[in-house]
Amino acid sequence: MEGAAQILFTNAGQLLSEEYRQLRGVSGEVAELRDDLDTMNALLVMQSEAEDGAVDHFVRVWMKQLRELAYDAEDCIDQYLLRIRCRPGDGVRARFKHLFETLFSRHRLAGEISALHDRAVAISERHARYGVNRDALRRSPSLSAPQVLTSSASARALRPAEDPAADHHQLIGIDDQAETLVERLKAQAGGERERKVFSIVGFGGLGKTTLAMEVCRRLEAEFPCQAMVSVSQAFEPSRDLKALLKRVLQQIVKPKSDNEKGIKEEGSLGEIDGLDADQLAHQVKEIINDKRFLIVVDDVWTIRSWEAIQSVLPRNKCDSRIIVTTRIKGVAKACSSGSVSGCYVHHMEPLKLEDSKKLFLSRAFGSESASYPDDLKYVMDSILKKCGGLPLAVVSIASVLVGYRSSGSKDKWDTICKSIGSQMENNPSLEGMRQIVVLSYNHLPHHLKGCMMYFSIFPEDYEVDKYRLLCRWIVEGLILEKRGLTLMEVAESYLDELVSRNMIELRVDFTYYWKVESCRVHDMLLEVMVSKSLESNFVSLLGGKYATMSYDRIRRLSIQGDDDRRHRRVEQTKKKMVVRGIEGIDVEHVRSLSMFHHGGQKLLEHLDKFTLLRVLDLEDCKDVTNDHMIYVCRLYLLRFLSLKGTHISEVTPQIGKLEHLQTLDLRDTIVHGLPETMKKLYKLERVQISHGLRGPEFMWRLPLGLKKMKALREVGFALLGNNIEVAQDVGELEQLEEISVYLDNENIDYNKEVHEEFAKSLSKSYSIRRLIIGDVGFKKGGLNFLHRLPAPPQLLRYLMIAGGIYGLPTWVRSLRYLVQFNMSWGHLVGDQLYDALCELPSLKTIVIENMCYIHDELVARSNHRFTELSNLRVSCNHKTPTVLRFEKGSMAKVETLLFNFSTCDYEKKIVGIEHLTSLKEVHLWGGTNNPALGRALEQLKEENTRRRLDSINQFQIVVKDW
């Protein structure tokens with residue numbers, strides 16, 4: 001059940017062997033405990049991979065005991081790190097003194113290890129005594145039965161209410177999608193008559209099956225030979241292919257009302273019962289090899305399953321079609337990529353709010369246009385917001401409320417709205433919806449389940465910054481090491497997999513420096529994640545709708561709001577605290593604290609009582625002050641600290657005591673630099689401080705001795721002073737992947753040697769992927785030393801040059817892996833910019849800032865064939881360029897174009913927009929009162945009209961005040 005269990009036990013075993021080796025007299029107990037942990041780890045993995053129905057209540061209790069033992073083992077290790085282990089740098093005398101002072105603690109720790117071992121033995125004996133069958137943890141041989149149940153429930157969701165007069169061929173909210181897909185299936189590509197495969201992809205419950213069925217109904221005349229088969233999660237080709245082919249045969253030979261001559265009658269199927277899969281495949285081929293067929297393969301989960309299925313379906317020359325529905329983007333692409341006409345994937349869209357309301361009224365009140373009590377309007381809007389356009393969720397919740405339609409039912413509606421998570425577990429009307437959501441979670445690989453449950457820490461509708469999420473995954477031990485990859489790269493691969501499975505929605509925006517990505521999950525999925533997290537004690541939620549919850553022992557604490565119904569207080573005892581009305585909580589076991597609401601609490605004054613805290617996330621908590629940093633710096637085991645968006649203005653030198661700190665996030669604060677003691681943080685991997693636009697006093701002035709911080713991977717924003725040794729130290733940071741650094745160019749001539757050494761350091765930094773380099777005050781020629789770089793970091797993915805430089809360094813042309821390029825103050829002219837960048841094979845984004853380009857017209861010529869460019873942003877707010885011109889074939893893959901019209905004194909325009917055939921969005925900055933912007937807006941509207949008439953995809957126009 002808990003995806004982090006394996007990692008938790010692995011960490012415990014490693015640390016037990018490494019840290020307790022120094023303790024005499026307990027090595028035997030440690031070895032036995034480690035062996036016990038390995039065995040329990042295997043059992044927890046089996047439970048995680050088992051379907052929900054295969055694990056009975058006793059096994060769940062047993063597994064919970066194993067998890068708590070694992071947590072306690074880690075707590076024991078942390079206590080050793082906190083109280084017993086000698087500190088780095090201690091001399092011989094200090095070490096002897098420390099050993100003597102901690103003698104009692106060492107004996108107590110040995111006793112705790114022995115007690116842990118005894119608990120492990122007791123849990124094992126209890127398991128044997130009550131005779132739990134381990135086979136209960138294994139996957140069932142087939143999931144097809146519940147799969148058919150949930151698929152049929154989803155397929156009925158978009159139908160109108162059971163009204164005798166209703167047109168049951170009418171569907172709510174997907175007519176446009178059905179029509180688009182119908183036209184695609186009917187279209188012929190030139191003279192090709194090959195079989196083509198179309199995929200419909202989207203989260204469970206969005207109506208993929210319903211859409212496929214509706215497309216089949218509308219195409220009965222064009223495709224008289226049709227079949228639909230459903231595939232389960234546990235589909236095994238060697239076992240299930242025969243049954244699938246038999247279902248295809250049963251449908252394609254079944255007579256219709258206008259039975260075509262030559263199609264076999266249903267009764268002739270009796271002779272196929274004894275055939276194997278190959279013989280059945282031959283039968284299918286014989287019957288439909290010369291017919292135009294349409295087959296729907298519903299709910300495909302793996303590429304392997306699809307490859308087996310498609311290999312036994314005929315490839316005739318009759319313009320036949322196959323529709324595949326799936327929840328996984330990678331599977332959808334693999335299914336459609338074999339089509340002669342290329343890959344076509346339809347991404348299922350959620351219902352619009354007005355359609356969700358029609359569907360809700362249809363099910364709850366019997367008609368799409370039904371009237372309803374005014375006092376139910378607000379709560380109905382809240383319910384629809386939670387449903388997030390998921391048809392199955394709308395229908396399921398409406399079905400629960402169908403008996404509560406009077407004006408006095410508001411309380412009942414409020415209760416359902418606030419407790420959807422628990423309702424899904426106990427209310428039969430919501431069981432189908434929960435099944436569909438849980439199915440996606442259960443299909444996750446074991447290592448992704450903990451990452452998915454981690455979203456339960458964040459409140460509903462909360463968009464989590466991608467960087468924040470990945471850093472937290474890493475320090476929580478949810479990311480497994482892979483040879484040849486950094487932990488951040490592995491974490492990104494985990495996230496990509498969850499996005500591909502439509503479990504997470506990834507949203508992209510751009511700032512002055514980089515694109516910003518945020519993650520969110522559907523509210524219905526979040527409810528399931530919360531349920532599973534609470535069950536396994538993965539997280540404890542407090543405040544708001546969780547105000548009445550009580551917990552025994554808290555490991556991860558997330559404070560999500562206040563409870564206004566009663567007065568709450570905080571009291572301190574020696575080891576325990578009364579926190580928000582929950583009595584007897586032992587805060588010494590809290591390892592992660594996230595605070596999303598702080599009004600009226602005093603927790604911050606008691607932070608030092610959270611002795612085992614590893615993660616402290618106070619992002620946007622406005623009650624945090626400089627005084628609280630005293631308590632923060634006593635959290636010796638802290639690995640992740642985020643004070644982003646708080647009101648602190650300084651960091652105390654005591655931060656140097658946090659020797660285990662890996663991530664420090666101080667962005668969007670008014671912190672003035674960082675203390676010299678930062679260089680004592682030898683395990684620090686990531687430090688982020690406010691960006692350079694606020695001035696050099698807000699940046700981290702890189703200290704002497706920087707090279708000792710060998711673990712550094714990300715630094716931003718830093719100030720390089722006039723010390724040659726510091727410039728050299730940057731080149732000694734072998735793990736450095738990202739650095740945002742500004743040069744202090746008060747005296748350029750004086751700093752020449754510093755610049756030259758820094759250039760050498762950059763050339764030595766082979767691991768750098770992301771580089772922002774600027775100069776304070778944008779001095780003319782302040783960054784000209786970049787032209788003399790001995791060799792650029794060849795693995796650069798992102799490059800921003802923000803300072804006084806004349807021309808583009810020639811080495812930019814060699815950056816084969818560059819994905820995004822930003823530049824300002826480059827004073828480029830003519831074709832200098834595009835001539836260099838068009839040669840880069842991986843470039844997807846170009847951002848042109850102030851004074852990057854100083855000619856009136858910026859032309860993308862026909863020979864500027866950007867093979868991957870999808871995003872062009874000309875966001876400079878000065879005069880030039882006044883014209884963006886696109887010649888035919890120049891930027892064929894550009895999907896997003898931004899042009900800044902904020903300077904009202906100059907005529908600006910876009911020429912050749914018709915040549916951007918892949919365009920999806922055009923952003924115009926400057927406000928509608930700008931005459932030039934108004935003319936450009938009319939021009940874009942006319943182009944959209946032309947595209948509509950020519951059946952070409954139109955683009956969205958976004959106007960934003962600057």
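Taking only alpha carbon atoms, segment 186-252 gives an Rg to Rh ratio of 1.00, where Rh is the Kirkwood radius. The residues of segment 192-244 expose, per residue, 30 Å² of accessible area to a 1.4 Å probe. Taking amide H atoms as placed 1.01 Å from N in the peptide plane, the amide H of Ile689 lies under 5 Å from those of Leu666, Gly716, Phe717, each 5 or more residues away in sequence or on another chain.
With 21 Å as the limit, write out which pairs from Lys449/Lys482; Lys609/Lys644; Lys352/Lys449; Lys657/Lys707; Lys208/Lys545; Lys386/Lys920 have Cα-Cα distances beyond it, or answer none.
Numbers: Lys449/Lys482 18 Å; Lys609/Lys644 23 Å; Lys352/Lys449 30 Å; Lys657/Lys707 19 Å; Lys208/Lys545 33 Å; Lys386/Lys920 28 Å.
Pairs exceeding 21 Å: Lys609/Lys644; Lys352/Lys449; Lys208/Lys545; Lys386/Lys920.
Over segment 847-946, average the accessible area per residue using a 1.4 Å probe and give it in Å², no decimals. The partial results should precede the final answer.
Numbers: 4090 Å² over 100 residues.
Roughly 41 Å² per residue, with all protein chains present.
Using the Cβ-Cβ distance between Ala115 and Lys683 with R0 set to 30 Å, the FRET efficiency works out to roughly 0.50.
Distant-in-sequence amide contacts of Arg555, defined by a placed amide H-H separation under 5 Å and a gap of 5 or more residues or a different chain, comprise Ser540. For Lys752, which lysines qualify as cross-link partners when the Cα separation must be under 19 Å and same-chain residues fewer than eight apart are set aside? Here the lysines satisfying the reach criterion relative to Lys752 are Lys760, Lys764, Lys779, Lys780.
Gap in Å between the Cα centre of segment 272-334 and the Cα centre of segment 689-733? Comparing the Cα centres of segment 689-733 and segment 272-334, I get a distance of 59 Å.
Arrange the peptides 633-644, 721-732 so that the one whose residues have, on average, the most other Cβ atoms within 10 Å appears first.
Numbers: 633-644: 22.2, 721-732: 18.4.
In decreasing order of mean packing, 633-644, 721-732 become 633-644, 721-732.
Across segment 401-417, rounded Karplus estimates of 3J(HN,Hα) from the backbone phi angles (6.51 cos²θ - 1.76 cosθ + 1.60, θ = phi - 60°) give 8, 4, x, 10, 10, 7, 5, x, 9, 4, 4, 4, 5, 4, 4, 4, 4 Hz, Gly and Pro being marked x. So the label point goes 7 Å from the Cα of Ser382 along Cα→C-beta, right? Which residues of segment 451-485 then have their backbone N under 16 Å from it? Only 460-461 pass the distance filter.
Label-to-label distance, Ile854 versus Arg184, with points set 7 angstrom from Cα along the beta-carbon direction: 4.9 nm. Given their separation in residues at 0.36 nm each and the Cα-Cα distance between them, Glu463 and Leu353 gain 37.6 nm when the chain is fully extended.
Stretching Ser814 away from Arg553 to a fully extended chain increases their span by 88.4 nm, per 0.36 nm per residue minus the current alpha-carbon distance.
What's the carbon and sulfur percent of segment 877-962's accessible surface, probe 1.4 angstrom, rounded to a whole number? The nonpolar share, carbon plus sulfur, comes to 47 percent.
Among the protein heavy atoms of segment 291-373, carbon and sulfur supply 51% of the accessible surface, probe 1.4 Å, non-protein parts ignored.
Close amide-amide hydrogen proximity is noted between Ile957 and Val922, each under 5 Å apart and 5 or more residues distant or on a separate chain (H modeled in the peptide plane; Pro and chain starts excluded). Modelled label positions at Ala791 and Glu125, each set 7 Å beyond Cα in the direction of Cβ, lie 6.5 nm from each other. Put the Cα centre of segment 400-469 next to the Cα centre of segment 844-913 and the gap is 45 Å. Compared with the alpha-carbon gap, the fully stretched path from Asn722 to Asp414 is longer by 104.5 nm at 0.36 nm per residue.
With an a/c value of 1.5 or above and a/b not larger than b/c for the gyration tensor axes a ≥ b ≥ c computed over the alpha-carbon atoms, segment 625-726 is described as oblate. Once a ≥ b ≥ c are taken as the square roots of the eigenvalues of the Cα gyration tensor of segment 694-753, is the result rounded (a/c under 1.5), prolate (a/b larger than b/c) or oblate (a/b not larger than b/c)? Cα axes put segment 694-753 in the oblate bin.
Here the label points at Lys317 and Ser767, each 7 Å from Cα along the C-beta direction, are separated by 5.9 nm in the simple model.
Given R₀ = 45 Å, what would the calculated FRET efficiency be for Arg947 paired with Asp620, taking r from the Cβ atoms and rounding to 0.05? Numbers along the way, then the final one.
Working: r = 42 Å, r/R0 = 0.93.
Result of the calculation: an efficiency of 0.60.
Taking a quarter of the surface of the convex hull around the Cα atoms of segment 691-843, what do you get in nm²?
The orientation-averaged projected area of the Cα hull of segment 691-843 comes to 8.0 nm².
Shape of segment 813-962 from the C-alpha gyration tensor: oblate (a/c of 1.5 or more and a/b not above b/c, with a ≥ b ≥ c the square roots of its eigenvalues).
Among the trypsin sites (Lys or Arg not before Pro) within segment 909-958, those in coil by DSSP and having at most 14 neighbouring Cβ atoms inside 10 Å are Lys920.
Give me the percent of the accessible area of segment 788-858 that comes from carbon and sulfur atoms, probe 1.4 Å, all protein chains in place.
Values: 1300 of 2450 Å².
Carbon and sulfur: 53 percent of the exposed surface of segment 788-858.
Given R0 = 51 Å, the distance between the Cβ atoms of Asp176 and Leu480 translates into a calculated FRET efficiency of 0.75.
The values are calculated or read from the model by the stated rules, or taken from the named source; none is laboratory data. What you see is a predicted model, and the numbers here were worked out from it, not measured in a lab. Reconstructed Cβ throughout: ideal geometry from the backbone, glycine too, with neighbour counts over all protein chains shown. Ligands, DNA and RNA are stripped out before the accessible areas are found, and what is left, the full protein with its side chains, is counted by its heavy atoms. Shrake-Rupley method; radii C 1.70, N 1.55, O 1.52, S 1.80 Å.
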